[in-house]
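These notes concern the structure reproduced below.
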Amino acid sequence: MDRLAVLRYAKALFGIAAENNAVAQYNLAATQMLAVFESDPEIIDILNHPSIPIESKIGAVAVAFDGKVPSDFVGMIALMLRRGRNDDIIGVLRQFDVLYREYARLAIAKIYAPDQLGQARIDEIVQIISRRLDKTIQVEFFVDPSLIAGFRVEVDGFVFDASIKHQMKGLKKQLLGSFY
């Protein structure tokens, strides 16, 4: 995947969304299209098949998404198919979501804990992260029994690890370091 091309296509589509004052609507469409493409990998295989004419592929995409997403998405996919960028379609849809989150000042925080945290505790963690990043936080919660106790939060490439497992690793490193 050519990262620069993916970014250019996504930015162009995002620019159209901004011009139309429909950034949230376009993001929803991108999310829905991404779900369709990721749920059935055969779709990309069909779009990559060399014996199917490009116009047939474009027609199939147009029929599949007609009325369900803005026509700009179908146009973008048609352009990408004509330029041989079939493998970048999923990347463009993912990158559109990244651009949307930056635009809307949203961040996704992944919280890992050995068992379910109470809603009050999750709200407290979200409030702290939201203040530090000055963003609205969406939470994805995962149970990870290997943490023993505490929690770990991953958001925007940063990790805050307040788990016993992490503390024990640090203690082990410190103890082993004192012998050398």
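The values are calculated or read from the model by the stated rules, or taken from the named source; none is laboratory data. Predicted, not measured: the structure shown is a model, and the values here were computed from it. Positions of Cβ are backbone-derived with ideal geometry, glycine not excepted, and every protein chain shown enters the neighbour counts.
Descriptive notes on the structure:
- Residue count for the range 137-180 satisfying the condition of being part of a strand (DSSP E or B) and not aliphatic (A, V, I, L, M): 9.
- Residues in the range 37-63 that are surrounded by 14 or more Cβ atoms within 10 Å (Cβ to Cβ) and under 23 Å from the mean Cα position of the chain (by Cα): 5 in all.
- Qualifying residue in the range 73-92 (condition: modelled with pLDDT under 90, surrounded by 18 or more Cβ atoms within 10 Å (Cβ to Cβ) and more than 17 Å from Tyr103 (Cβ to Cβ)): yes
- Only one of the numbered conditions (1) exposed (fewer than 13 other Cβ atoms within 10 Å of the Cβ); (2) in a helix (DSSP H, G or I) is not met by Leu34, and that is (1).
- In the range 123-136, of all residues being among the polar types (S, T, N, Q) and outside any strand (DSSP E or B), the one that is surrounded by the fewest Cβ atoms within 10 Å (Cβ to Cβ) corresponds to Gln127.
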